[in-house]
Structures are given as C-alpha cells and as structure tokens.
Amino acid sequence: MSKRLLLIGAGHSHMEVMRQLKNEAVQELEVCLITPSRYQYYSGMFSGYTEGLYEKEDIRIDVKEYARSAGIHFIQKKAWKVNPDHRKLICEDGSVYPFDVISFDIGSRSLPSEYDQSIARSIKPNYEFIHQMDELRSSTHPLIVGGGAAGTELAMSIHAYKQKHGIPGQVRVVTAEKVLSDASKRTSGKLKSLIEKKGIQLWEGERVAEVEDHHIKTDKGNKIRHTGVLWLGGAISDDIFKRSRLSIEDRGFAIVRSTLQFKDYDFMFGAGDCVTMEEYPQLAKSGVYAVRQGPVLWENLNHYLKREPLKEYDPQKKALYILSTGGKKGFFIYGPLVHHSHRAWKIKNKIDREFMDKYKK
C-alpha cells in the first residue's frame with residue numbers, strides 16, 4: 001500500500017533528500033514538497049551576489065523543476081499548522097494534506113514580529129533577498145542590525161559594492177553583543193579590526209529599541225540615521241510548531257532527538273534551523289550543520305518507512321566558516337585558526353559552487 005511523505009520547506013537537508021530520491025526512487029511512496037516559493041536561494045552565496053560577483057541564477061535553485069525531475073509533487077503553499085494525531089497538515093489557504101510521514105526544513109526568521117510593519121527588512125524568507133539587497137546596497141547609509149556571521153559578511157559585501165560603484169555614504173552595523181559573539185575573543189577582535197579598517201561604522205553592545213523611517217534608537221540612547229535597515233539578529237522560530245502544540249524549547253523551535261525525529265512523534269522529522277536537538281541545545285543555527293544533517297535525514301526517512309534501525313546525527317565538533325570580506329578575500333575560521341586572504345575566498349567559492357552544482361544537474 002502506497003504511503004505519503006510530506007517535505008515541508010526546501011532547505012539544505014531537504015534538497016539532499018530530493019537529490020537522493022532523484023537517484024534512488026522508493027517504491028510505493030508518494031512524495032510532496034510544500035514550500036512558499038518556486039526558488040530556493042543559497043544563503044552561502046548572498047555575500048557574493050551583494051558584492052556583484054554572482055548573478056541571480058548562480059545563487060538559486062528552481063525547486064519546482066528539481067522536484068519534478070525527482071518525481072516529487074511540488075505544491076507552492078505555506079504550511080500553517082500540523083495535526084499529528086490525525087496526521088494532517090493545514091496550509092495558510094486552508095487546504096489540508098494527509099500524510100504518513102512528515103519532515104520539516106523551513107529555516108528560521110530573523111526580524112522580530114514587533115518590527116514587521118516597520119521599514120526594517122530581513123534576508124528571510126530568502127526568496128525576498130534579491131529585491132531587498134538590490135535596493136539596500138545602492139542606498140547611502142544602509143544599516144545592518146546584527147554582528148554575527150551573516151550581519152558582518154553582508155555589511156562588508158555592501159561596502160565593497162558601494163566602493164566599486166562609487167556610491168557615497170557609509171555602511172553601519174549595530175549589534176547587541178560583540179562582533180561574532182560565539183567566537184573566541186581573538187577571532188572577534190580580528191574581525192572587528194577588519195570591519196573598522198574598511199570604514200564601516202560599528203556600535204557594539206547596543207540593542208535596537210526603536211525603528212523609525214530614517215533612524216533607529218538604541219537602548220543606550222543613540223540615534224543612528226539610515227537609508228534602509230537589514231535585520232540579521234539571532235534566529236527566531238516559525239510559529240507553526242507553537243500553533244500545533246508540539247514540544248518546543250523556550251525560543252519556539254521544535255525539539256528533535258538525535259535521529260532527527262520530533263520528541264513526541266516518531267513519524268515527524270526535522271532538520272536545519274527550524275529545530276533544536278535535545279542533546280545539543282546550544283548547537284548554532286547554521287547551514288554548516290544542516291548540510292551534514294541531510295544525508296542522515298534521508299537515511300532515517302528511508303529506514304523508518306522500511307521499519308529498519310535509524311541512524312543518530314552527531315554534530316561535528318568544529319565547523320569551518322569562511323566569511324566573504326569583499327574584493328574576493330575571505331575570513332577563514334576553523335576552531336582557533338583564523339586567516340584572512342584571497343586564498344580563503346577561493347576555497348569558499350569552490351565549496352559554494354560545488355554545493356550548487358549538485359542541484360543544477
């Protein structure tokens with residue numbers, strides 16, 4: 001008897017599941033991909049696009065076409081709520097999809113809900129990135145909220161674009177903590193020096209309290225002028241798990257076991273930023289982990305359907321990060337190792353292009 005697998009979202013892990021299904025069809029299994037956009041944009045190449053090194057087609061995958069090539073039904077809708085007791089998914093438009101097994105890879109948000117109606121924008125959902133960045137990088141005083149990897153990388157990429165095209169003004173960054181707060185003091189200090197050397201204005205240890213059309217106010221009373229705000233603070237969960245009354249942690253992310261199964265339901269799986277691992281609650285919300293989760297998710301979905309033992313995902317102890325800093329140079333971070341060079345960017349470019357090439361065939 002045929003079974004139905006729903007893949008909710010087209011993040012890194014689900015792209016790997018679809019790639020495996022393209023190469024190895026599972027008998028008597030109907031697979032549906034439900035996601036709000038036809039295209040999935042790869043955040044690892046956002047900095048390169050921002051600077052002008054990549055074109056739009058370089059950084060996105062046509063998931064509708066890719067799903068079709070893998071024999072997967074593509075449904076362009078936003079998932080709203082799941083009813084696990086009846087194994088039904090409800091979409092934002094009210095349509096209902098029954099399932100036998102369901103998997104979530106919907107990423108996270110970064111813009112707090114209180115600023116939804118403000119001028120502030122985010123790179124999430126990622127299919128809005130192109131339009132937002134085309135406007136922001138051409139403005140005189142773009143302001144980035146967030147001093148993590150994404151915030152600092154895009155600040156430097158916007159700066160490089162402005163320099164290349166002779167656009168006056170200055171990029172500004174406001175962060176509630178220090179730059180790269182999860183990194184060592186040495187690594188954080190090196191990146192801060194690089195940012196300031198480029199002439200990017202930086203406010204550390206200041207939280208945004210108000211967002212107005214032409215300025216923001218911080219909790220320290222500073223009033224900072226801007227011509228556009230890109231919010232890249234910490235990850236914020238989608239409300240679907242709270243709405244569905246599933247087991248969530250204090251930030252609202254669904255809790256999964258080491259097998260990537262939801263805490264309370266064996267037939268529900270999740271990967272990437274939208275979930276928190278019960279055994280590794282402090283694991284960073286980063287694509288470097290979602291990429292590694294992909295093969296494990298595929299194997300476990302397959303084994304669950306076949307009633308075979310599942311594999312446990314054990315996160316790597318150290319993760320490689322390379323931030324694009326402009327001018328085809330990269331800031332290489334691997335544990336205590338820090339290196340800034342053209343060679344680092346070439347490594348990043350090679351990794352990113354190879355990742356995309358897997359889903360362009």
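The values are calculated or read from the model by the stated rules, or taken from the named source; none is laboratory data. As the structure is a computational prediction, the values presented were derived from the model and not from experiment. Cβ: placed from backbone, ideal geometry, glycine included. Neighbour counts: every protein chain shown. Heavy atoms of the whole protein, side chains included, go into the accessibility calculation; ligands, DNA and RNA do not. Shrake-Rupley method; radii C 1.70, N 1.55, O 1.52, S 1.80 Å.
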Q) Calculated FRET efficiency, residue 266 and residue 55, Cβ-Cβ r, R0 51 Å, to nearest 0.05? A) 0.75
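On the protein heavy atoms, probe 1.4 angstrom, tell me the percent of accessible surface of the stretch 174-270 carried by carbon and sulfur.
Heavy-atom surface of the stretch 174-270 belonging to carbon and sulfur, 1.4 Å probe: 42 percent.
Full extension from residue 164 to residue 306: what is 0.36 nm times the residue separation minus their Cα-Cα distance, to one decimal in nm?
45.6 nm
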Q | Unit charges on C-beta of K, R, D, E only; dipole of the stretch 106-228, Debye | A | 640 debye
Q: Using log10 I(q)/I(0) by the Debye sum over Cα atoms at q = 0.10 Å⁻¹ as the read-out, say which of (i) -0.77; (ii) -0.70; (iii) -0.63 was calculated from these coordinates.
A: (iii)
**Q.** Cα convex hull of the stretch 1-80, projected area averaged across orientations, nm²
**A.** 5.9 nm²
Q. When the chain is treated as a GNM, springs tying every alpha-carbon pair under 10 Å, which of 220, 162, 88 comes out with the largest mean-square fluctuation?
A. 220
Q) Using Cα pairs under 8 angstrom and six or more residues apart, how large is the relative contact order of the chain, in percent? A) 18 percent
(Q) Considering all projection directions equally, how large on average is the shadow of the alpha-carbon convex hull of the stretch 217-305, in square nanometres? (A) 8.1 nm²
Q: Can you pull the one-decimal nm distance between simple spin-label points at residue 23 and residue 210, each 7 Å off the Cα toward Cβ?
A: 5.6 nm
**Q.** Extension gain from residue 2 to residue 85, taking 0.36 nm per residue of separation minus the Cα-Cα distance
**A.** 27.9 nm
Q | Cβ-defined net charge surrounding residue 89, 10 Å radius [Lys, Arg +1; Asp, Glu -1] | A | +4
Q: Give the accessible surface of the stretch 76-216 per residue, rounded to a whole number of Å², with probe radius 1.4 Å and ligands, DNA and RNA excluded.
A: 47 Å²
(Q) On the principal axes of its Cα set, how long, how wide and how thick is the stretch 33-131? Give whole Å, largest value first. (A) 48, 40, 19
**Q.** Distance between modelled label sites at residue 128 and residue 249, nm, 7 Å Cα→Cβ extension
**A.** 2.6 nm
(Q) Give me the percent of accessible area attributable to carbon and sulfur for the stretch 27-95, probe 1.4 angstrom. (A) 41 percent
Q: State the answer as a single residue: which of 95, 205, 171 lies farthest towards the positive end of the charge dipole of the chain, with beta carbon charges of +1 for Lys and Arg and -1 for Asp and Glu, about the Cα centre.
A: 171
Q: With all protein chains present, calculate the accessible area of residue 124 using a 1.4 Å probe and round the result to the nearest 10 Å².
A: 70 Å²
Q | Over 26 Å (Cα to Cα) - which of 185/285; 197/348; 124/217 fall in this group | A | none
Q) In a GNM of the chain with a 10 Å cut-off on Cα contacts, which of 323, 297, 191 has the highest mean-square fluctuation? A) 191
Q: For every other residue with a beta carbon closer than 12 angstrom to the beta carbon of residue 52, add +1 if it is Lys or Arg and -1 if Asp or Glu, then tell me the sum.
A: +1
Q.
Which of 65, 153, 28 ends up with the largest GNM mean-square fluctuation for the chain, with Cα atoms connected below 10 Å?
A. 28
Q. Computed FRET efficiency, Cβ-Cβ of residue 227 and residue 341, R0 25 Å: what is it to the nearest 0.05?
A. 0.20
Q.
Using all alpha carbons of the stretch 87-197, what is the percent of pairwise distances in each 10 Å bin, ordered from the shortest bin to the longest?
A. 11, 34, 28, 14, 10, 2
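Using only C-alpha atoms and all pairs of different ones, pull out the Kirkwood radius for the stretch 255-361 in Å with one decimal.
Roughly 15.6 Å, rounded to one decimal.
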